[in-house]
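The values are calculated or read from the model by the stated rules, or taken from the named source; none is laboratory data. None of the values given here were measured: they were computed from a predicted structure. As a convention, Cβ positions derive from the backbone with ideal geometry for all residues, glycine included, and neighbour counts pool all protein chains shown. The accessibility values were calculated without ligands, DNA or RNA, using every heavy atom of the protein model including side chains. Shrake-Rupley method; radii C 1.70, N 1.55, O 1.52, S 1.80 Å.
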Amino acid sequence: MELAEVMRTTPATRTFTDEAVPDEVLHRILDHARFAPSGGNRQGWHVIVVKDAETRTRIRELYQLSWREYWAHVKIGKVAFQPGDTRFSQPWVDLEEARETPAPNDFADEMDTHPVLLIVCVALEALAVLDHGLPRQSIVGGGSIYPFCHNIMLKARDEGLGGVMTTAICREEAALADLLGIPESHAVASLIALGHPQQMVTKLRRDPVEDFAVVDRFDGEAFEVR
Ligand SMILES: Cc1cc2nc3c(=O)[nH]c(=O)nc-3n(C[C@H](O)[C@H](O)[C@H](O)COP(=O)(O)O)c2cc1C
């Protein structure tokens with residue numbers, strides 16, 4: 001596929017057919033994703049391809065718990081775990097109660113059956129977090145791992161696959177670390193599910209350039225081609 005088309009037509013796909021994704025295709029996806037940039041080119045990624053059935057079942061359970069926390073926020077119209085003026089302090093909802101309240105969701109409830117499940121970890125010591133210590137939520141560290149994650153999504157699309165990069169399960173990092181033997185030196189950046197889409201959506205809803213690009217100042221005129 002043309003790069004521009006891949007960029008413009010890679011949605012979040014959460015329902016897959018039963019068709020398996022051959023290891024060689026997944027290998028090709030990772031082999032392209034590795035050309036992502038990272039701070040100082042330290043390439044701190046470490047990908048766990050989860051194949052074991054029992055491990056997948058446990059991952060489903062952990063994702064469901066995270067999803068319940070997320071959904072409890074959505075239900076009251078809040079952005080889940082949104083940082084405040086400074087750093088994240090208090091959740092909007094009672095998390096214990098949320099975790100005990102079922103929140104049906106096909107993607108979560110069928111997590112163990114998705115053809116490919118990847119847990120993408122990142123080495124903390126590989127991250128140069130240039131906004132570390134600023135009096136607000138840190139953002140820079142993720143820049144050394146999410147381009148890699150998105151490269152996986154783009155190459156999967158190029159291979160005719162679909163998928164979604166998710167972060168909900170990061171709420172359960174401790175349990176996931178226990179389950180998968182992830183050392184303290186690493187953080188969980190995402191869970192990526194891939195497979196053959198039940199339906200290939202190619203029309204994405206995104207705001208136009210004029211809505212977010214401005215000239216000279218944050219409150220400057222919209223950037224337009226003259
Ligand atoms: C940082 C990040 C975290 C995300 N976490 C989740 C998640 O936990 N669960 C989920 O189902 N989708 C997750 N998504 C997918 C987004 O919901 C999706 O990219 C967005 O709604 C746009 O969907 P579209 O491309 O189909 O329009 C995440 C995406 C990003 C970039």
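Within the range 16-30, restricting attention to residues that are part of a loop (DSSP other than H, G, I, E, B) and surrounded by fewer than 16 Cβ atoms within 10 Å (Cβ to Cβ), the residue that is nearest to the ligand (Cβ to nearest atom) is 17. In the range 14-26, the residues that are at negative phi form Cβ pairs under 7 Å with partners that are in a helix (DSSP H, G or I), at six or more places apart or across chains, as follows: 14/107; 15/106.
When each of 190, 185, 144, 138 is tested for being touching an Asp or Glu at 6+ places or on another chain (Cβ under 6 Å) and of a type in the set (Ser, Thr, Tyr), the lone residue that passes is 138. Quick one: which of 47, 79, 6 is modelled with pLDDT under 95 and either within 16 Å of the ligand (Cβ to nearest atom) or within 18 Å of residue 170 (Cα to Cα) (or both)? Among 47, 79, 6, only 79 is modelled with pLDDT under 95 and either within 16 Å of the ligand (Cβ to nearest atom) or within 18 Å of residue 170 (Cα to Cα) (or both). Each residue in the range 188-226 was checked for being under 20 Å from the mean Cα position of the chain (by Cα) and assigned to a strand (DSSP E or B), and 9 of them qualify. Quick check: is even one residue across the range 27-35 in contact with a Ser or Thr (Cβ under 9 Å, 6 or more places away or on another chain) and modelled with pLDDT of 95 or more? Among the residues of the range 27-35, not one is in contact with a Ser or Thr (Cβ under 9 Å, 6 or more places away or on another chain) and modelled with pLDDT of 95 or more, which makes the answer no. Of all residues in the range 106-132, those satisfying the criterion of being in a helix (DSSP H, G or I) and more than 13 Å from the ligand (Cβ to nearest atom) are 112, 113, 124, 125, 126.
Only a single item in (1) over 17 Å from the mean Cα position of the chain (by Cα); (2) open to solvent by 40 Å² or more (accessible area, probe 1.4 Å); (3) within 14 Å of the ligand (Cβ to nearest atom) is not met by residue 135, and it is number (3). Of the residues 168, 193, 175, 189, which is away from the ligand (no atom under 13 Å from the Cβ), modelled with pLDDT of 95 or more and not charged (D, E, K, R)? That would be 175, the only listed residue that is away from the ligand (no atom under 13 Å from the Cβ), modelled with pLDDT of 95 or more and not charged (D, E, K, R). Within the range 141-168, residues that are over 19 Å from residue 16 (Cα atoms) reach partners that are among the charged types (D, E, K, R) and in a helix (DSSP H, G or I) with beta carbons closer than 9 Å, at six or more positions or on different chains, in the pairs 168/69.
Taking the range 204-226 as the range and being within 16 Å of the ligand (Cβ to nearest atom) and either open to solvent by less than 100 Å² (accessible area, probe 1.4 Å) or in contact (Cβ under 8 Å) with a residue 24 or more places away in the chain (or both) as the test, the residues that pass are 204, 208. A single entry from 82, 137, 43 fulfils the requirement of being at positive phi and assigned to a loop (DSSP other than H, G, I, E, B): 43.
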